[in-house]
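Have a look at the structure below before the remarks.
Nothing in this text is a laboratory measurement; each read-out follows from the coordinates by a stated rule. Please read these numbers as outputs of a predicted model, since none were measured by experiment. For neighbour counting, all protein chains shown are included, and Cβ atoms are generated from backbone atoms with ideal geometry for every residue, glycine included.
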Amino acid sequence: MKGIRKPFWIASLLFLFTLACVTINIYFPAEKVETVAEDIVDDIRGRESAQEQPGQSQEKDSFLHRIRTCAAPRTAWAQDVTEVSNATIRGLKERMKARYQQMKTYYDKGLIKEGNDGYVSTGDLGGLDLRAKRDVKSLVDAENQDRKALYKEVAKALKIDPSQIDRIGGIFAKEWQK
């Protein structure tokens, strides 16, 4: 009887050791999400794109720039998907762009604040009447619903596991706060 227990325990320990060594690696394309976030936020907020700085377009039109571009060796690389768009994302962006115009005055007064999680919250609404408080809260609720839907759509488009939506929100938060 004692001889049977020893191989059983050894086999059990080897099995547990094997399970303990299994690592699940979930790929998260942070750089792609950062690029997508920058593009989407720039589009919603109407900011100038980071790629097109003032004065840069003049350089692109210059004779010297055209000569350098033509003389430089060309290499074809497969481009990663960094621009994300579908009908749902376009609709969300349009609603958020229109809502931002209403929210802008509340941002300036500190009544709406950007959180580190990618969502907005209300600041101190004590100086507002009931109607204005209701308006601010409804804007914040609508914005947060659209942002949640946007993050889900970005995850779907970039083939990111839905459990990573909070990370996407955190990356977007940096862009919203700029």
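For region 142-178 versus region 96-113, the spacing of their alpha-carbon centroids is 19 Å.
Relative protection proxy for 106-114, 170-178, from highest mean packing down: 170-178, 106-114 (other beta-carbon atoms within 10 angstrom). In this structure, the pairs whose alpha-carbon distance is over 21 Å, taken from Lys97/Lys148; Lys32/Lys104; Lys97/Lys159, are Lys32/Lys104; Lys97/Lys159.
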